[in-house]
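Everything on this sheet refers to the single structure shown next.
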Amino acid sequence: MRVIETISELRRHLAELRGKGRRVGFVPTMGYLHDGHLSLVRTAKNNGCFPVVMSIFVNPLQFGPQEDFERYPRDLERDRRLAEAAGVDVLFVPSTEEMYPRPIRTRVSVRDVTDRLCGRSRPGHFDGVATVVTKLFQIVQPDQAFFGAKDYQQVQVVRIMTEDLNMPVEIVACPIYREPDGLAMSSRNVYLSPEERKQASVLYEALRDAEERVRNGERKGAVIVQAAREKIASRPLARIDYISLVDADTLEDVESIDKPTLLALAVFFGKTRLIDNTVLIPTTIGR
Ligand code: PAF
């Protein structure tokens with residue numbers, strides 16, 4: 001695995017590797033890797049991508065002033081080992097100065113789909129994501145890019161952006177990777193105290209409960225959301241940011257589950273904000 005810190009060296013190296021018929025796979029991350037990230041690498045390799053490029057860059061542009069940019073977990077040595085063992089071919093680890101040598105004058109902003117869910121709670125966050133992902137796509141020029149479905153809204157934003165701007169990259173969304181008790185893997189899970197960590201499994205329980213209700217014929221959005229709210233609120237350390245039921249494509253609020261519908265939530269445990277989601281699929285069974 002080659003570790004590269006500068007854009008010019010990465011471009012040179014990829015130009016040498018990018019052969020006829022080769023498909024460059026790209027896994028953008030902010031590091032502090034977990035099995036969810038590594039599963040994206042595996043999918044890239046199973047898709048026949050070569051080289052598989054991973055970036056590790058904690059992007060200041062996507063953090064609000066009161067958010068955790070400074071304390072975001074970082075451990076490059078550990079990440080380097082994990083990336084190499086997973087089969088990453090090129091690890092791109094630019095500094096902030098390399099990515100933003102001067103205050104950035106251009107922003108990429110995706111409308112509508114960013115007004116809701118995390119976009120409402122974290123103003124400017126998705127502009128920061130869309131801008132850095134555009135820069136990374138320009139630098140790496142991947143054929144396929146792999147993102148985890150835990151960040152469902154992020155995947156939609158990136159998809160819309162690539163479609164609107166005719167970026168020649170296929171966006172591949174990969175399933176959420178979970179801990180044995182169901183908690184979605186996230187680099188931020190390390191912030192949780194043992195008691196917060198224990199209580200945080202309620203998020204998965206609430207999502208599974210919603211799936212079960214829909215399987216049993218429940219179609220009323222308000223009932224599903226209220227049940228999830230009550231379940232999560234039963235854990236004393238949980239503070240709900242939002243629980244929303246939205247159209248799985250447009251992310252617009254919906255009142256009933258007549259087609260695939262996203263149940264998305266963001267919940268604080270202490271200072272740590274966790275997100276999770278599931279797509280509820282109505283079937284005729286149980287009606
Ligand atoms: O999902 C993340 O880790 C980040 O939002 C991303 C896509 C690497 C952009 O900074």
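Any read-out appearing in this document is the output of simple, stated calculations on the displayed coordinates, not a laboratory observation. Everything quoted here is computed from the prediction, not taken from an experiment. Using ideal geometry, Cβ is built from the backbone for each residue, glycine included, and neighbour counts are taken over all protein chains shown.
Look at the alpha carbon pairs under 8 Å that are at least 6 residues apart: their mean separation over the length of the range 142-257 gives a relative contact order of 19 percent. Placing unit charges on each Cβ (+1 for Lys and Arg, -1 for Asp and Glu) gives the range 218-287 a dipole about its Cα centre, and among F269, I257, V279 the Cα reaching farthest toward its positive end belongs to F269. Spatially, the range 146-178 and the range 215-287 are offset by 21 Å when compared through their Cα centroids. Ordered by the number of other Cβ atoms lying within 10 Å of each residue's own Cβ, fewest first, F147, F268 fall into the sequence F268, F147. Fewest-first ordering of E179, E196, E255 by other beta carbons within 10 Å of each residue's beta carbon gives E255, E179, E196. With 31 Å as the limit, write out which pairs from K20/K259; K20/K135; K231/K259; K150/K259; K231/K271; K45/K220 have Cα-Cα distances beyond it, or answer none. With Cα atoms farther than 31 Å apart: K20/K259; K45/K220.
Here the spin labels are modelled as points 7 Å beyond Cα on the Cα-Cβ line, and at V279 and A85 they lie 3.2 nm apart. Near the amide H of V108, within less than 5 Å, lie the amide hydrogens of T131, all on another chain or at least 5 residues away, with H placed in the peptide plane. Dipole magnitude for the chain: computed about the Cα centre from +1 point charges on Lys and Arg Cβ and -1 point charges on Asp and Glu Cβ, it is near 280 debye.
For the chain, the relative contact order works out to 17 percent when only alpha carbon pairs closer than 8 Å and six or more residues apart are counted. Under the simplified labelling scheme, the T96-E179 pair shows an inter-label distance of 2.9 nm, with each label point 7 Å from Cα along Cα→Cβ. Residues I160, I56 in ascending order of nearby Cβ atoms (within 10 Å, fewest first): I160, I56.
Taking the chain as a Gaussian network of alpha-carbon nodes connected by springs under 10 Å, the highest mean-square fluctuation of the residues P101, P175, P51 belongs to P101. Among K231, K150, K20, the residue with the largest mean-square fluctuation in a Gaussian network model of the chain, with springs joining Cα atoms closer than 10 Å, is K20.
Once the other residues with Cβ under 15 Å from the Cβ of P60 are scored (Lys, Arg +1; Asp, Glu -1), what is the net sum? Local charge sum for P60: 0.
Largest GNM mean-square fluctuation among D112, D241, D127, using the chain with Cα springs under 10 Å: D112. Legend: calculated FRET efficiency, D253 to E163, from the Cβ-Cβ distance at R0 = 25 Å, rounded to 0.05, equals 0.65.
Suppose R0 equals 51 Å. What FRET efficiency, 1/(1 + (r/R0)^6) with r the Cβ-Cβ distance, do R229 and K20 give to the nearest 0.05?
Values: r = 55 Å, r/R0 = 1.07.
That gives a FRET efficiency of 0.40.
Residue farthest toward the positive end of the dipole of the chain, with Cβ of Lys/Arg at +1 and Asp/Glu at -1: which of T43, Y72, V157? Positive-end residue among those listed: T43.
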